[in-house]
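Chemist: I have a structure here, written as structure tokens, and I will follow up with some questions on it.
Each reported figure results from applying straightforward, stated rules to the coordinates on display, with no laboratory input. Values in this document were obtained by computation on a predicted structure and should not be read as measured data. When we count neighbours, we look across all protein chains shown, and the Cβ atoms used for this are built from the backbone with ideal geometry, even at glycine.
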Amino acid sequence: MSLLWSLRLGLVARTGSRAAETWLQQQAQKEGWSKAAKLHGRKTREGLIGLLQEGNATVLVEVNCETDFVSRNVKFQQLVQQVALGTMLHCQSQQDQLSTYRKGFLDSKALSGLPTGPDQEGFLKDQLALAIGKLGENMILKRAAWVKVPSGFYVGSYVHGAIHSPSLHNLVLGKYGALVICETAEQPANLEDLGRHLGQHVVGMAPLSVGSLDDEPGGEAETKMLSQPYLLDPSITLGQYVQPQGVSIVDFVRFECGEGEEVAEAE
């Protein structure tokens, strides 16, 4: 730690004042934004997917950095947590009466402008600047998806290579993530396991659409989810696995960390 920062921290410790803490935060943000400007444009192919579920709301977020080393740093993981919590607040703020599920997406610009808490004391872009200042790598708040469901629906989820940390509460981190939205007339006893298996299938088979139970079975190149060979038992289709379970798949979301970066570089 530099002498300057030691003196700043000492100021907070001596005064214990809110004003000193605010000043320190503002200085950290200023230096973080300065470093972010210098690092802007450097490739961010690594990072993490974050999954958070609370009640009838589920969010999936992606935050990118330059190296896998930084993605394993607790400060970076805390940034992903802040993004997930900010997205969750946004999702829960949607107050309309639900007769069916609602799904929304947030791009990098929209994420950056989300408040960090219900009192709107700061924004996610400020937390991003602080993280860049501390870790010294270019980072981006890439995207988020949120889903809110009424009674009669269920959101299955799966994160590949999941990291669970007690300090991150209910947040699950990994390199791939999926949400599968199901309509359930009667909830089967194994609904949580079923939802996880469906999420595993979406991560592994990367479908492009749900399709229909009436579609003909396809092979490995099939892109309609229900016609694909079921990941955990390729002798049947996913539709044949789901049909006896008492649920109907209506939608899904799949995130792969860093996807699209290669295409963007080639353009």
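Chemist: So which of Lys43/Lys103; Lys109/Lys175; Lys75/Lys142; Lys43/Lys134; Lys103/Lys142 end up more than 20 Å apart by C-alpha?
Modeler: Lys43/Lys103; Lys109/Lys175
Chemist: Another question, if that's okay. How far apart, in nm, are the 7 Å Cα→Cβ label points at Asp119 and Gln78?
Modeler: It is 1.8 nm.
Chemist: Once the convex hull of the C-alpha atoms of segment 41-257 is built, how many Å³ does it hold per residue, rounded to a whole number?
Modeler: Once divided by residue count, the hull of segment 41-257 is 129 Å³.
Chemist: Report the percentage of all Cα-Cα pairs in segment 76-144 whose separation exceeds 15 Å, rounded to a whole percent.
Modeler: Summing the P(r) of segment 76-144 above 15 Å gives 53 percent of all pairs.
Chemist: Using 0.36 nm per residue of separation minus the Cα-Cα distance, give me the extension gain between Ser235 and Leu213 in nm, one decimal.
Modeler: Here the answer is 6.3 nm.
Chemist: Please give the net charge around Ser227, taking every other residue with its beta carbon less than 10 angstrom from that of Ser227, where Lys and Arg add +1 and Asp and Glu add -1.
Modeler: Taking every other residue near Ser227 into account, the sum is -3.
Chemist: Using a Förster distance of 25 Å, how high is the FRET efficiency between His164 and Gln94, based on the Cβ-Cβ distance and rounded to 0.05?
Modeler: Step by step, r from the Cβ atoms, then E = 0.35.
Chemist: If you don't mind, another one. Compare the peptides 233-240, 76-83, 62-69 by average per-residue count of other Cβ atoms within 10 angstrom and give them in order, highest first.
Modeler: Order by mean packing, descending: 76-83, 62-69, 233-240.
Chemist: Only sites in a loop by DSSP and with at most 16 other Cβ atoms within 10 Å count here; which GluC sites (Glu not before Pro) in segment 117-191 make the cut?
Modeler: For GluC sites (Glu not before Pro) across segment 117-191 that sit outside H, G, I, E and B with at most 16 neighbouring Cβ atoms in 10 Å, the list reads Glu121, Glu186.
Chemist: Further question: Work out the FRET efficiency for Asp193 and Arg42 from their Cβ-Cβ distance, taking R0 = 41 Å, and round it to the nearest 0.05.
Modeler: Result of the calculation: an efficiency of 0.50.
Chemist: Right, something else. So which trypsin sites (Lys or Arg not before Pro) in segment 54-103 end up in coil per DSSP with only 12 or fewer other C-beta atoms within 10 Å?
Modeler: none
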